[in-house]
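A quick write-up on the structure given underneath.
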Amino acid sequence: MHILVLTIYSGALFILLLFGFHTAVLVWHYYNTKPSKPVSLKLPTDSDLPIVTIQLPIYNEHHVVKRILDAVCNFNYPNDKLEIQILDDSTDDTVEIISKLVSEKILLGLDIKHIHRLNRDGYKAGALKAGLEICKGEFVTIFDADFFPSKDFIRQTLPYLLNDNKIGLVQTRWEHLNEDYSILTRIQAVALDAHFAIEQQVRNRIGVFINFNGTAGIWRKKCILDAGNWHADTLTEDLDLSYRAQLKGWNFIYLNDVFVPAELPSEINGLKGQQFRWTKGAIETAKKHIGNVWSSKIPLRLKLYGSVHLLANGIFPLVLMMALMGLPMVVIKLNHPELHLWLDILSIGILVSMASFALYISAQKDLHEDWVKRIFLFPIFMAGMTGLAINNSRAVIEGLIGKKTEFTRTPKYNIISKNDKWQGSSYKFNKIKIDTVIELILSVYFLISIVYALSKLEISVVPFQLLFLSGFLYNSILSLRHAFSRA
């Protein structure tokens, strides 16, 4: 039995080390690969500008729909060259709110179409596809309802598409409207900052595949159609289309200096739903495209980077597995002194944490002048992210076995300041999932592991077990608190 445990633990650790090595390579490239020299890009005169279609996929967003519509209607772009599509799948009073807003905006001379579907066929992908079939624009920019783009967004991004016909997408960085709302939103901001400021930026610098992030980007319509249009067979239609387009030879541009603020989920059950969808969708997309990546004629380095990119979410079950094996590993060490050397070698797993630390701190340094102070948030961030292991592991497993689930949008509540409230919204999650119960049970398990390790003076395992205890306990208690909270 101890040989089996060691084999599984060692295998999981080896795979995590490979992903950790990839993280370290990205950080190395960040510091050693210079950005491309900025190209002087200018738009033509207003009379020669192309038509741009703005697509706003909406589903039950009565808290924030006015904010996003006001933002895009204020764009610094000629009204006669701008088309706004509100792709509305709503089933609540959002439909009436949109209808009223559209009536007001039309009077201002804006070309706005309220496209209300009576079903959610294909979910977001289906709505985008339906809008694309009738849109006027040669270029299409997409914003989710919780985003708040500046009026110059099109003028900042469109020149790259006009300058190079091989560019199919310009993706911009996400910023955060409510980062300081709570510990939960600060944790999310750290994770997203690393994805955009390091992962997306570095991948684009070194010429490997990146992905459209579902919003805050502008597409060449021809690229979408050439890649096969939007598909609804995964929960991450954005990642799916990104790979189909890049495998067809289209180039993408990522702009780290152009950003669009968005509202972070302010309650944890909504966050868990978002993380589940992103994780499961990524695994579904990996299943769909990993073979296509390796059978294509792209260079080997693109295949390797693309594979790690697609499979990255698969680490969650491995992390959970290693967490659960902490106690058995202590028992094995105490009862099999002949294995001490091998167990000492396995301690190199700390390198994974060091690579992650370098990634997240580098992102904070890239974006924030007070990045030194933000270092102290890192232990809380690691615990919070680790606490999602149950939620995200279930997403990985469901994605692997092909279990289909509904596209569940993340509710947003127009939370900007600390005084804003979400507790009374009809969108709030009020049910406790089995994941939360498991998180509570595992919190007890990790507590027992820590007590046992301390009693045997096996101090080396305690920090990681304490990390898992903190993460699962925090997430489970917060899930219960948010589910039962009232206005």
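Relative contact order, whole percent, for the range 131-267 stands at 43, derived from Cα pairs under 8 Å and 6 or more residues apart.
If a spin label sat at a point 7 angstrom from the Cα of Ser485 along the line to its beta carbon, the backbone N atoms of the range 417-450 nearer than 18 Å would be those of 417-433, 436.
Which residues in the range 127-171 place their backbone N less than 20 Å from a point set 7 Å from the Cα of Leu108 along the Cα-to-Cβ direction? What the label zone holds, given the 20 Å backbone N cut-off, is 141-156.
Exactly which trypsin sites (Lys or Arg not before Pro) in the range 428-487 are in a DSSP loop and have at most 10 other Cβ atoms within 10 Å? If you can, show how the numbers build up before the last one.
Values: sites: Lys428, Lys431, Lys433, Lys456, Arg481, Arg486; in loops: Lys428, Lys431, Lys433, Lys456, Arg486.
Here the trypsin sites (Lys or Arg not before Pro) that fit, given the DSSP loop and packing criteria, are Lys431, Arg486.
In terms of packing, defined here as the mean over residues of other Cβ atoms within 10 angstrom, the peptides 397-407, 128-138 line up highest first as 128-138, 397-407.
Over the range 361-464, accessible surface divided per residue gives 54 Å², non-protein components excluded, 1.4 Å probe. Here the range 9-124 is treated as a Stokes sphere of Kirkwood radius computed over C-alpha pairs; at 37 °C and 0.692 mPa s its diffusion coefficient rounds to 179 µm²/s. Counting Cα-Cα pairs of the chain in 20 Å increments starting at 0 gives whole-percent bin shares of 22, 56, 20, 2, 0. Taking the protein heavy atoms of the chain in the context of the full set of protein chains, the accessible area attributed to carbon and sulfur is 63 percent at 1.4 Å. Quick one: go through the range 124-163 and flag any residue whose amide nitrogen is under 14 Å from the point 7 Å out along the Cα-to-Cβ line of Lys222. Residues passing the 14 Å test: 138-140, 161-163. Placing one equal scatterer on every Cα of the range 393-487 and applying the Debye formula, the log10 ratio I(q)/I(0) at q = 0.13, 0.19, 0.21 Å⁻¹ is -0.68, -1.01, -1.07. Per residue, the range 189-256 exposes 24 Å² of accessible surface when a 1.4 Å probe is rolled over the protein heavy atoms with every protein chain present.
If you look at the Cα atoms of the range 242-376, you get an Rg and a Dmax of 20.1, 58 Å.
Which value, to two decimals, describes the C-alpha radius of gyration of the range 66-182 once divided by 2.2 N^0.38 Å?
1.13
Determine the calculated [θ] at 222 nm for the chain from helices alone, applying -39500 (n - 2.57) to every DSSP H run no shorter than 4 residues and normalising by the residue count; nearest 500 deg cm²/dmol. Mind dumping the intermediate values first?
On the way: 20 runs with 265 residues, N = 487.
Helix-only estimate at 222 nm: -17500 deg cm²/dmol.
If you sort the three axes of the alpha carbon gyration tensor as a ≥ b ≥ c, you get a/c of 1.5 or more for the range 256-328 and a/b no higher than b/c, which makes it oblate. Ordering of 210-218, 92-100 by packing is 210-218, 92-100, highest average first (other Cβ atoms within 10 Å, averaged per residue). For a straight C-alpha distance cut-off of 16 angstrom, the lysines reachable from Lys272 (same-chain residues fewer than eight places away being disregarded) are Lys280, Lys412, Lys428, Lys431, Lys433.
Over the range 81-182, give the accessible area per residue in Å² for a 1.4 Å probe, as an integer. Walk me through the numbers on the way to the answer.
Numbers: 4160 Å² over 102 residues.
So the range 81-182 comes to 41 Å² accessible per residue, rounded to a whole number.
With all pairs of different C-alpha atoms in the average, the Kirkwood value for the hydrodynamic radius of the range 49-114 is 12.0 Å. Once each part is reduced to its C-alpha centroid, what is the distance from the range 141-205 to the range 456-473 in angstrom? The range 141-205 and the range 456-473 have Cα centres spaced 36 Å from each other. Between Trp371 and Leu457, the simple spin-label model (points 7 angstrom out along Cα→Cβ) gives 4.2 nm. By the Cα gyration tensor, the range 191-288 has an equivalent ellipsoid whose semi-axes, rounded to whole angstrom, run 22, 18, 12 from largest to smallest. Residue separation of Ile183 and Ile15 scaled by 0.36 nm, minus their Cα-Cα distance, works out to 57.4 nm of gained length. Across the range 288-436, C-alpha contacts under 8 Å between residues 6 or more apart give a mean separation that, scaled by the residue count, equals a relative contact order of 25 percent.
For the chain, relative contact order (Cα pairs under 8 Å, six or more residues apart, normalised by length) works out to 19 percent.
What is the distance in Å between the Cα centres of the range 85-140 and the range 246-313? Value for the Cα centre distance between the two parts: 26 Å.
The values are calculated or read from the model by the stated rules, or taken from the named source; none is laboratory data. Treat the numbers as computed from the prediction; the structure is a model and nothing was measured. Positions of Cβ are generated from backbone atoms using ideal geometry, with glycine treated the same way; all protein chains shown enter the neighbour counts. All accessible areas refer to the heavy atoms of the entire protein, side chains included, with ligands and DNA or RNA removed. Shrake-Rupley method; radii C 1.70, N 1.55, O 1.52, S 1.80 Å.
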